[in-house]
1. With viscosity set to 1.002 mPa s at 20 °C, what whole-number translational diffusion coefficient in µm²/s follows for region 400-536 from Stokes-Einstein and a Kirkwood radius over Cα pairs?
2. Looking only at the chain, where both bridge partners belong to it, what percent of the DSSP beta bridges are antiparallel (to the nearest 5)?
3. Can you list the equivalent-ellipsoid semi-axes of region 1-91, largest first and in whole Å, using the square root of 5 times each Cα gyration tensor eigenvalue?
4. Ordered by packing density, taken as the mean number of other Cβ atoms within 10 Å over each peptide's residues, highest first, how do 536-548, 601-613 rank?
5. Of the listed peptides 351-363, 500-512, 191-203, what is their order by residue-averaged count of other C-beta atoms within 10 Å, with the highest listed first?
6. Which number comes out as Rg/Rh for region 520-573 once both Rg and the Kirkwood Rh are worked out on C-alpha atoms?
7. Between the helical axis of 635-646 and the dominant principal axis of the chain, each derived from Cα atoms, what acute angle in degrees is found, rounded to the nearest 10?
8. Quick one: if you stick a label point 7 Å off each Cα along the C-beta vector at residue 192 and residue 361, how many nm between them?
């Protein structure tokens with residue numbers, strides 16, 4: 001059976017063994033061996049909020065540091081689980097806040113305050129239950145023991161009357177389990193309308209005192225084998241809680257207990273945080289109480305991510321496939337771009353330059369605007385055409401661009417064509433060596449592919465890395481589609497003697513790009529965020545196919561001034577949902593005021609389907625009102641903004657006075 005080793009693209013689809021087997025850390029240097037541990041920091045008592053976009057690796061990281069993975073590592077090391085816990089210095093409890101059991105605490109007819117209070121109690125109960133379940137498992141295996149006197153003292157102190165005679169972990173475990181079951185039953189009756197008010201249910205301990213801190217701490221200290229460990233609570237899927245529910249999480253983050261023993265890690269997507277309020281009036285979480293970390297950008301430099309991706313591929317593939325691959329065979333088994341072959345394809349398809357679509361288009365424009373240009377429709381146009389014609393289609397495209405540059409500057413295009421002729425022959429100034437032409441070469445090749453109806457691919461392992469943009473899920477999904485396409489086409493996989501064709505790579509990239517877009521927009525409720533992303537991507541596409549290309553790849557923008565909060569929120573949400581990427585304070589304001597502006601740029605995974613460059617070069621600085629139109633305006637208003645810019649890039653190069661030019665210098 002031919003199993004695709006990359007079909008499971010989400011960590012939630014991996015079993016606990018695969019979580020450990022597929023684990024790869026980022027190493028920025030030889031001394032820096034455990035980068036992802038620096039995200040979790042198990043020994044740090046300070047609460048940490050970990051944020052990451054979809055596919056950033058958050059779930060895999062959390063599951064790797066969970067108790068279930070600690071057990072797998074113990075088995076692999078052939079040591080007892082208690083020895084593994086002692087070696088690692090902690091025992092962790094992973095709780096998924098997006099679990100359906102927590103969704104019952106919304107939409108009830110009960111008073112919101114009462115319902116929220118029960119949520120807080122229930123959360124404490126579940127955390128205690130998960131911790132006790134783990135330590136009871138250790139006790140049953142006779143790996144640890146507890147001081148029954150200390151357990152009795154703990155239960156008498158924290159549990160209400162009727163629960164205060166518990167002197168064993170087994171009794172506490174059974175009590176908590178029954179309490180949980182009882183609450184579930186009553187809540188189910190409330191949700192189904194069987195009952196209309198809370199009946200025959202009382203909390204086992206104070207609902208406001210964050211008892212999971214106290215109970216877990218005292219249980220830990222009651223065991224000789226566990227007392228030196230740290231308890232690491234990992235709370236995932238923070239975004240799935242309501243604003244009111246998040247306030248309770250914020251409260252115990254703001255006021256942690258037993259920091260000598262307990263660490264709290266709350267994780268969620270980039271847009272997870274709905275409020276910083278706590279249960280206390282007018283109190284918020286501040287930077288002084290909690291550290292916030294974002295996984296985006298944590299992959300280190302390009303070389304570190306490349307090594308990470310190669311090792312991840314090797315582990316996935318070699319785990320399942322009968323033949324093994326190494327890092328070298330993976331990296332060198334992708335066909336790369338071949339510009340020369342592409343140019344030859346055009347030459348073979350159109351032997352005569354005058355049959356080439358872009359030459360015909362250019363010649364027609366000269367005829368249409370001959371009066372404006374002050375040229376003779378016959379002799380002058382013939383002279384211009386003969387001066388720019390060349391056997392190499394890319395050179396011809398450069399020549400046309402040089403003509404457009406003179407046209408835009410209202411210079412004689414007849415004289416420019418003569419300069420072009422002498423530059424090519426080497427008998428005049430070399431105007432073909434300009435930096436601008438070097439910068440726009442990829443865009444000229446892209447235009448040639450469209451105009452000549454021939455594919456020009458951006459392929460090769462290095463480009464796949466760029467497209468995935470340090471997002472592990474995007475990278476794995478590209479390989480997933482790549483594997484399926486190669487298998488369907490009977491192409492070998494990871495064989496450097498027979499590299500995977502560009503055709504297969506492009507098909508896989510397009511499918512992965514579709515997946516990425518659909519997943520990222522799946523939970524966006526405000527359609528204006530999606531609309532803004534589509535608008536800016538389409539704008540950059542129009543720039544890329546314009547007559548007079550800008551100097552550098554344009555897939556990024558900035559703005560100066562104060563946006564309306566509504567527009568600012570849309571931009572932020574586009575970033576948080578990975579439709580845009582953002583570099584804070586990364587560009588100087590155009591008028592050299594010294595102000596540093598944020599740069600927003602298209603996510604590389606989305607450049608695939610919009611046929612945009614993988615990376616950005618130039619950054620277009622919009623006016624504040626134009627960004628507000630992008631985010632909030634109707635289609636007609638936005639189209640007006642687009643035309644303002646693109647009219648300057650297309651024949652007849654209409655300009656509006658006082659507007660900054662998009663053109664680069666010669």
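Values in this text are rule-based calculations from the coordinates and carry no lab data. This structure is a prediction, so every number in the text was calculated from the model and none was measured. Reconstructed Cβ throughout: ideal geometry from the backbone, glycine too, with neighbour counts over all protein chains shown.
1. Values: Rh = 18.9 Å.
Once the numbers are plugged in, D ends up at 114 µm²/s.
2. Numbers: 11 of 36 bridges.
Of those bridges, close to 30 percent are antiparallel.
3. Values: eigenvalues 101, 73, 36 Å².
Value: 22, 19, 13 Å, ordered largest first.
4. On the way: 536-548: 20.2, 601-613: 22.4.
Per-residue mean Cβ counts within 10 Å order the peptides as 601-613, 536-548.
5. Working: 351-363: 15.0, 500-512: 20.8, 191-203: 11.0.
Result, highest mean Cβ count within 10 Å first: 500-512, 351-363, 191-203.
6. Details: Rg = 13.6 Å, Rh = 13.0 Å.
Taking Rg over the Kirkwood Rh, I get 1.05.
7. Around 50 degrees separate the two axes.
8. For residue 192 paired with residue 361, the spin-label model returns 6.6 nm.
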